[in-house]
1. Of Ile101, Ile56, which residue is among the aliphatic types (A, V, I, L, M), closer than 22 Å to Val145 by Cβ and at pLDDT below 85?
2. Given the options Leu9, Leu43, name the one that is in the same structural domain as Glu113 (by TED's automatic domain parsing), of a type in the set (A, V, I, L, M, F, W, C) and modelled with pLDDT under 95.
3. What residue, among those in region 21-45 that are outside any helix (DSSP H, G or I) and basic (Lys, Arg), is surrounded by the most Cβ atoms within 10 Å (Cβ to Cβ)?
4. Among the residues of region 202-225, is there at least one that is small (Gly, Ala, Ser), closer than 22 Å to Ile115 by Cα and outside any strand (DSSP E or B)?
5. Working carefully through the options Leu136, Leu197, find the one that is surrounded by 13 or more Cβ atoms within 10 Å (Cβ to Cβ) and at pLDDT below 90.
6. If you check every pair at least six apart or on different chains, which have Cβ atoms under 8 Å apart with a residue in region 102-122 that is under 14 Å from Arg84 (Cβ atoms) first and a residue that is part of a loop (DSSP other than H, G, I, E, B) and β-branched (Val, Ile, Thr) second?
7. If a residue must be polar (S, T, N, Q) and free of Cβ contacts under 8 Å to residues at least 12 places away in the same chain, how many such residues does region 10-25 contain?
Amino acid sequence: MKQQKVKSLGVELSISVPATADEFDKLAKREGACVDEANSNVLYRSFLTEFRGAMIEGFFAENEDGSQGACLFEGYANRFGAVRKRKQKDSGKKKKDGSPILTWDEGEEDYLEYIRAEKNVSDSEFVADCTTLAALIAFDPAKTVSVTKPKALAAEYLENGKKLFAAGKFEEFNKRLVKHQVLFQGKPAEYIPVVPLEGETQEVVDKKNVEQLGWLAKAFLDKAAADAKAKAAQGLGV
């Protein structure tokens, strides 16, 4: 046995715990109990957290440099074009880039139930999607996954989105995205007007379209900056 320090109720405690898997199994009076508990801990601490987030946001391959690669599973948010409800934190504080700090206004299960009902996703289709996604996610005891937080679009990109929406030259914008091989969420970037959900006002739909254009503008500018950096590096001979 060994002593392990934990903190509860503001007090640091020293608890006697098993030092090996064998000691754990003896205390549990069951062979393999330690591995079973460890597996359950990883499943609930990281695997299922990643799974629920990926059902909504999508699952992507990882490039050798650690950057996001191709989309392996299209999340329901992108597939069905339904924006998850968000709200600004009560603190009113903002990030350094001027964007607000947001939090989700509905849980993952609530959002997915809403999507299934609104878009008529059958039980069999939902189970098949869940099974497909689960097979893509590796069981990794070394990984710690946090619950996804809503991404806020910086003010400058939101302004770009407003200008693009006002101009209305969407076909021309999509052609530029293709020409410069811009990717968004692991796929070729393309502006697709939001399909209104039942009961949504035109103002809400327009706001969603503006935000989509803003994210695509950011992807375009990020790609342009990366291309310029690569070209400069070539000029240095590196």
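1. Values: Ile56 fails: at pLDDT below 85.
Sole residue among the options that is among the aliphatic types (A, V, I, L, M), closer than 22 Å to Val145 by Cβ and at pLDDT below 85: Ile101.
2. Numbers: Leu9 fails: in the same structural domain as Glu113 (by TED's automatic domain parsing).
One residue alone meets the criteria, Leu43.
3. From region 21-45, those outside any helix (DSSP H, G or I) are 29-32; that's our starting set.
Filter once more, keeping what is basic (Lys, Arg): 29-30.
Working: Lys29: 7, Arg30: 11.
Applying the filter and picking the extreme gives Arg30.
4. Going residue by residue through region 202-225, those that are small (Gly, Ala, Ser) are 214, 217, 219, 224-225.
With closer than 22 Å to Ile115 by Cα added as a condition, the list becomes none.
Within region 202-225 (the criterion being small (Gly, Ala, Ser), closer than 22 Å to Ile115 by Cα and outside any strand (DSSP E or B)), the answer is no, since none of the residues qualifies.
5. Details: Leu136 fails: at pLDDT below 90.
After applying the criteria, what remains is Leu197.
6. Ile115/Val121
7. Within region 10-25, the subset polar (S, T, N, Q) is 14, 16, 20.
Then keep just the ones that are free of Cβ contacts under 8 Å to residues at least 12 places away in the same chain; that gives 14, 20.
Residues in region 10-25 being polar (S, T, N, Q) and free of Cβ contacts under 8 Å to residues at least 12 places away in the same chain: 2 in total.
The values are calculated or read from the model by the stated rules, or taken from the named source; none is laboratory data. Note that the structure is a prediction, hence the values are computed from the model and not measured. Neighbour counts run over all protein chains shown; Cβ positions are idealised from the backbone, glycine included.
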